[in-house]
Amino acid sequence: MFILKKMETPKLTKYKAIFYLICLKEISKLTAWYINLKKIENKFELTKLVEDMVHILSCRKQFEDLHREIEKNNFYSHLKVIRNIIDYEKKHYLTQYRVKIINIANQKNIAGCLLQKETKDNLSLFLKAIKPKSYATKKKMIEKIDYNHLTDVFPIWISEIHNINELIIMQPNIFDLVVIDEASQVNLAEILPVIYRAKKLCIVGDHKQLSLVSTGLNLRISSKLDEMIWSKHKPGNLTYQEAEKRKIILTKASILDFIISDDKEEGINLGYIPRVTLDQHFRSLPLLFKFNNTKFYDNKLIIMTEKPPNWEIKPFKAIKINGKRRSDKTIPIEADTVVKIVKSLISNKAYENFDLSNILPPRFNIGIISPIREQVYLIREKLYIELDEEERERYEIIEGTPEELQGHERDVIIVSFCTDSESVRSKAHYENPNRFNVMTSRARFFTFFVFCEIPGNFTLTRQYLKFMGYELENQNTIQEYPHWKFDEKKFESEFERIVYHYLLQYKLERKSVEIYNQVESCGKRIDFVVYNPFKKKFVAIEVDGKHHFEKDGITPTKYHQERIEILKTAGWKIINTPYYKWFDHTGRLKSNQEIDEVVNNLYNDLDQELGVAGT
């Protein structure tokens, strides 16, 4: 656990000591839980959790020793200042700590439930109920189950919507919360029975991706038949056109469409529905998602992978081949190229002069996407011939259209675009913004874009290729990938110049680091980034001027805390060097001795984070 790791550090600062003292009360609360867990550890697989508890509780003497040390050194005179300094760090660490406590408490609760005869009996009934193939038989057995006992043991259930009726009784308020993912592809008819089982509802979807109308998924009736049925029965005395405006037509509206619709003129009043934007993108390397973020999301999403060494990686390769589209809409030579890429990646993590061994994880997976369904079928057939089942499973190879791969992601995506010079009339299909967004945002580490010809009127595709560094006319790279730089003109204060003077000394002494300033990452700007390219380690230096703090000059502003939290969440190691360590209350630079201490601490922190040997 994080506390134990901190305690293993030989030298404890007074700040850490105070922090541990604050945590002492938190640890003492666990004693009762530990006693209860100890009673049942032999009956259930809780050994590891109990060992954690024993380890934590055995540290109480160390905490008490720290307490005496604090009193002896009269650290309490600085307590208010220290508390302010570590307040936001304390909140971060205690949150992690409480998560561990909750996990242990949940394990204890589950273990207690399993001791009850009623729970065991209902679990046994449920196991029997899911075996029969007959829905009628399943239904009879399911109706005998008390689901309150099941949800005590299994508080979280994950299922595809069409399986719900075969697993769970039609009963209200079984779940405290139901989360509907990919809600843009869920029609109202299939989701209403699920909503009936929920006390609260959370709908997750992206209106910038493919909708129900685009995908046509899970719909067994045509739009024409849908209109005929509606016109015959006229629910709510609404015409088909009125119902369409209100987003309640089976084949044309998803639950997401219905919830986000705001048609006051049509008399719709859903009451207040809070909305939260999930604005942090964790999937793709920066360059793979920058185009989508700019084109489809107005740069409102934070790309959380924007950190070293990701900015060094060139994650895109366009491959132009000579081919013509056949009458069945396929281009066989494109399919052959896709198969060739897959086999090459499997054999040596490379294709031609593109070595991906330093980009891909040891175990990687592959996805193939094409806007043309017939091309997907052709590629699938060729892969089944060229690869055995074990290889397809090991690399989790999937093939599909954007409609089918929405909600999926793969380490490597191979796009078979399947157009030629005569595909000009297909622009609406290929360049539907939602379809294009899905197609180009499935990859985590690398995208191969295989094509024959891009018609002149395919402006979105041409913009995408140019953004990714490919010039169609020259069939070559036309621009360098973005690279961080150091620029003295970007200094925002004299304080930054002072800190840079000492960072430059550090660079000259260590000789193995690079320094960049005003680096854009995760939608924020970082004052300095110190990077060790040999060990691929990096750290952000935040020069915290007076405006980063509240009136007391010590407590970080809420905005600054949130900014730091976003960067930490993305994986940044951050060293904050606040102004009050460098300047006195009059604004003058502190004594040489005090500055030397601050600088030495800064150098030591950098050495530790960057894996650099000090001098």
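The values are calculated or read from the model by the stated rules, or taken from the named source; none is laboratory data. Model, not experiment: these values are computed from the prediction. Neighbour counts run over all protein chains shown; Cβ positions are idealised from the backbone, glycine included. Note: accessible area is taken over every heavy atom of the protein model, side chains too, but ligands, DNA and RNA are not part of it. Shrake-Rupley method; radii C 1.70, N 1.55, O 1.52, S 1.80 Å.
The residues of segment 113-262 expose, per residue, 61 Å² of accessible area to a 1.4 Å probe. Taking trypsin sites (Lys or Arg not before Pro) across segment 501-581, the ones in a DSSP loop with at most 14 further Cβ atoms lying within 10 angstrom of their Cβ are LYS511, LYS535, LYS536, LYS551.
Projected label points at GLU242 and ASP121, each 7 Å from Cα along the beta carbon direction, are separated by 5.2 nanometres. Full extension of the segment from GLU594 to ASN163, taken as 0.36 nm per residue of separation minus the current Cα-Cα distance, would add 148.4 nm. Tell me, how many Å apart are the Cα centres for segment 573-615 and for segment 333-375? Going from one Cα centre to the other spans 48 Å.
The label-point distance for GLU389 and GLU494, in a model that sets each label 7 Å from Cα toward Cβ, rounds to 7.5 nm.
Kindly identify segment 333-380 as rounded, prolate or oblate by the Cα gyration tensor criterion: order the square roots of the eigenvalues as a ≥ b ≥ c, call it rounded if a/c is under 1.5, otherwise compare a/b with b/c, prolate if a/b is larger, else oblate. It is prolate, given that a/c is not under 1.5 and a/b is the larger ratio.
Put simply, the amide H of GLU399, placed in the peptide plane, has neighbours under 5 Å in ILE368, leaving out anything fewer than 5 places away on its chain.
Estimated from the Cβ-Cβ distance and a Förster radius of 22 angstrom, the FRET efficiency linking GLU381 and ARG462 is about 0.10. Among MET468, MET141, the order of accessible area from largest down is MET141, MET468, computed with a 1.4 Å probe on protein heavy atoms. In a DSSP loop and with at most 16 other Cβ atoms within 10 Å, the GluC sites (Glu not before Pro) in segment 544-589 are GLU550. The label-point distance for GLU409 and ARG283, in a model that sets each label 7 Å from Cα toward Cβ, rounds to 0.7 nm. Take ILE574, project a point 7 Å from its Cα along the Cβ direction, then tell me which residues of segment 586-609 have their backbone nitrogen under 18 Å from it. Residues passing the 18 Å test: 602, 605-606, 609. With respect to the cross-link table entries LYS139/LYS234; LYS128/LYS247; LYS511/LYS568, which display a Cα-Cα separation exceeding 30 Å? Going by Cα-Cα distance, LYS139/LYS234; LYS128/LYS247 fall outside the 30 Å limit. Applying 0.36 nm per residue to the separation of LYS511 and ILE321 and subtracting their alpha-carbon distance, the gain on full extension is 63.8 nm. The local environment of VAL519, defined by Cβ-Cβ distances under 12 Å, has a net charge of -1 under the rule Lys, Arg +1 and Asp, Glu -1. Rounded, prolate or oblate: pick one for segment 241-378, where a ≥ b ≥ c are the square roots of the eigenvalues of its C-alpha gyration tensor, a/c under 1.5 means rounded, and failing that, prolate if a/b is larger than b/c, else oblate. Oblate.
Ordering TYR559, TYR531, HIS547 by Cα displacement along the dipole of segment 529-583 toward the positive end leaves TYR531 in first place; charges were set at the Cβ atoms of Lys, Arg (+1) and Asp, Glu (-1).
Using R0 = 25 Å, the C-beta based FRET efficiency linking ARG363 and VAL99 works out to 0.35.
Ranking HIS429, ILE397, CYS418 by how far each Cα lies toward the positive end of the dipole of segment 396-441 (charges on Cβ) leaves HIS429 at the top.
Note on SER347/ASP584: beta-carbon distance plugged into 1/(1 + (r/R0)^6) with R0 of 45 Å gives a FRET efficiency of 0.10.
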